[in-house]
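*Asks:* I have a structure I would like to understand better, so I am pasting it below and will then ask my questions one at a time.
The values are calculated or read from the model by the stated rules, or taken from the named source; none is laboratory data. Here the structure is a predicted model, which is why all the values come from computation and not from measurement. Cβ atoms come from the backbone with ideal geometry, glycine included; neighbour counts cover every protein chain shown.
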Amino acid sequence: MEHQPRMASPAPSSRRSSRRTSTLSQEKPEFDERDEFEEGTQDSTSELEESDTSTSSATQDTDPDAGSDPDGAELPPFRLADIPGKGKGLVATAPIQKGKLILLEPPLFTLPRERCTNSAVLVALTARTREEQRDFFALANAYRTAPPAAPANSPESSPSPESSPPPKGAGAGRAPHGVRAPLPALGIFETNALPVPAPDAPGGEARGVFLLAARFNHACTPNVAQSWDAAARALAFRALGAVEPGEELCTNYVDVLGTRAERGPELAERGVFACVCPVCAAPEGEGGESDRRRAKIGRLFEEVGKCGKEPTLGMRKLKIALRLLKEEGLMHYEASFCFDAFQFCVLVSDIPNAKAWARKAWEATCNISGPDSPAARNFKMYWANPRAHHLTGMLPRMTLSGPDP
Ligand SMILES: C[S@@+](CC[C@H](N)C(=O)[O-])C[C@H]1O[C@@H](n2cnc3c(N)ncnc32)[C@H](O)[C@@H]1O
């Protein structure tokens with residue numbers, strides 16, 4: 001039987017959907033439809049300079065401590081700031097609680113996955129206001145080759161490359177690592193676009209630019225999860241844990257259950273050619289420990305998926321994985337393992353523990369994609385009625401265990 005997609009995450013809040021999947025070996029009982037965790041995309045506006053937090057993007061449920069603007073509208077609890085080694089980024093301006101929705105942002109525009117060209121980006125931009133066009137061209141371009149220094153006092157010598165559209169031709173040189181650089185509009189799009197559901201093709205994927213959320217940098221231990229809010233047709237960003245003022249808010253662009261060596265090439269594809277997040281910048285010894293933990297979680301993820309006929313063993317493995325996730329600060333993968341635990345319990349008709357695990361999966365999912373997300377609603381339904389799961393009673397009855405306190 002097949003082990004279906006597992007989790008969400010944040011995947012991670014990734015610029016690319018980094019949903020992890022695994023497959024139960026054929027002879028094992030089938031695991032059920034996994035959560036529909038949507039992984040984020042992002043965008044933003046360049047107006048959020050330093051202490052100025054005004055933005056046209058919708059924010060819901062923003063922290064009251066974040067204050068409000070003179071019109072009484074709530075301001076997002078973050079500001080745009082310079083981040084060493086990363087360009088600009090978003091930094092918390094107020095304490096943010098775990099699970100708090102910090103940003104809900106619709107895309108500036110989207111493009112079908114197969115039609116992401118420089119001219120398609122330019123055409124999409126013509127439908128936007130001048131201010132939005134300017135904000136788009138102020139976003140980072142990881143593929144831009146610095147143009148030769150212009151003579152002092154020449155028109156080209158003035159503003160920072162991010163404050164005005166790149167001159168025609170800039171960026172047409174060589175990107176880092178010898179990759180041929182795309183033209184500026186496409187370079188910016190490639191650096192910042194995030195996957196979103198295709199607006200007119202059910203089940204399909206498009207790529208969208210989000211002016212504010214594009215300013216989230218990547219971290220291999222992210223503190224912000226992203227998910228697609230289908231009702232709002234917008235990306236939602238929630239705090240994965242409590243955040244203190246001054247902390248940088250980061251999503252994860254790629255699945256982070258790999259070692260540093262494994263993450264590197266994937267990150268380079270997303271325009272992060274040398275990740276300077278605390279995990280990647282850690283001294284060799286500490287980094288090695290993190291690599292070992294992540295590699296082990298990844299292995300356990302696969303192994304748990306093959307334990308459909310050995311629920312006791314599966315439960316033992318997933319509890320080790322949950323402990324390692326906690327140690328590594330990667331709680332956005334928690335819900336998937338909790339749902340595995342739920343399925344082991346229903347397999348052997350251990351209903352009290354099944355309920356406890358479904359509840360934990362629900363709680364974890366609310367922090368990632370909110371209580372109204374399809375995944376959260378699904379887990380809540382199983383919490384109320386575990387026997388609704390089709391695996392119920394497929395193996396001889398036994399008592400497993402519930403979540404650790
Ligand atoms: C979507 S943008 C993020 C916002 C960007 N820093 C800015 O100034 O607008 C992605 C770019 O940010 C930088 N970046 C993001 N995360 C990084 C990280 N962990 N380490 C180094 N650079 C990072 C890279 O240059 C990457 O191409």
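*Asks:* Going through Ala146, Ala152 one at a time, which residue ends up being farther than 21 Å from Ala181 by Cα, among the hydrophobic types (A, V, I, L, M, F, W, C), part of a loop (DSSP other than H, G, I, E, B) and modelled with pLDDT under 95?
*Replies:* Within the list Ala146, Ala152, the selection yields Ala152.
*Asks:* While we're on this one: Can you report the number of residues in region 96-122 which are out of contact with any helix residue (DSSP H, G or I) (no Cβ under 6 Å at 6 or more places or on another chain), hydrophobic (A, V, I, L, M, F, W, C) and farther than 18 Å from Phe237 by Cα?
*Replies:* Within region 96-122, residues that are out of contact with any helix residue (DSSP H, G or I) (no Cβ under 6 Å at 6 or more places or on another chain), hydrophobic (A, V, I, L, M, F, W, C) and farther than 18 Å from Phe237 by Cα number 2.
*Asks:* Something else now. Within region 268-281, is there a residue that is more than 11 Å from the ligand (Cβ to nearest atom) and of a type in the set (D, E, K, R)?
*Replies:* no
*Asks:* Further, regarding this structure: Name the residues in region 212-238 that are out of contact with any Leu (no Cβ under 8 Å at 6 or more places or on another chain) and more than 10 Å from the ligand (Cβ to nearest atom), would you?
*Replies:* Listed by number, the residues that qualify are Ala230, Ala231, Arg233.
*Asks:* Something else now. Exactly one of (1) in contact (Cβ under 8 Å) with a residue 60 or more places away in the chain; (2) in contact with a helix residue (DSSP H, G or I) (Cβ under 9 Å, 6 or more places away or on another chain) is unmet by Ile297. Its number?
*Replies:* Evaluating Ile297 over (1) in contact (Cβ under 8 Å) with a residue 60 or more places away in the chain; (2) in contact with a helix residue (DSSP H, G or I) (Cβ under 9 Å, 6 or more places away or on another chain) leaves (1) as the failure.
*Asks:* For region 359-385, give me the residue count where each residue is outside any helix (DSSP H, G or I), more than 18 Å from the chain's Cα centre (by Cα) and buried (at least 19 other Cβ atoms within 10 Å of the Cβ).
*Replies:* So the answer is 0.
*Asks:* A further question follows. Scan region 184-210 for residues that are within 10 Å of the ligand (Cβ to nearest atom), outside any strand (DSSP E or B) and in contact with a Leu (Cβ under 8 Å, 6 or more places away or on another chain) and jot them down.
*Replies:* Result: Ile188, Thr191, Asn192, Ala193, Phe210.
*Asks:* Against the condition under 22 Å from Thr110 (Cα atoms) and either crowded, with 23+ Cβ neighbours inside 10 Å or out of contact with any strand residue (DSSP E or B) (no Cβ under 6 Å at 6 or more places or on another chain) (or both), how does Phe273 come out, does it pass?
*Replies:* no
*Asks:* Of all residues in region 239-267, which are within 17 Å of Ile297 (Cβ to Cβ) and within 13 Å of the ligand (Cβ to nearest atom)?
*Replies:* Once the filter is applied, which keeps residues that are within 17 Å of Ile297 (Cβ to Cβ) and within 13 Å of the ligand (Cβ to nearest atom), region 239-267 yields Asn252, Val254, Val256, Arg260, Arg263, Glu266.
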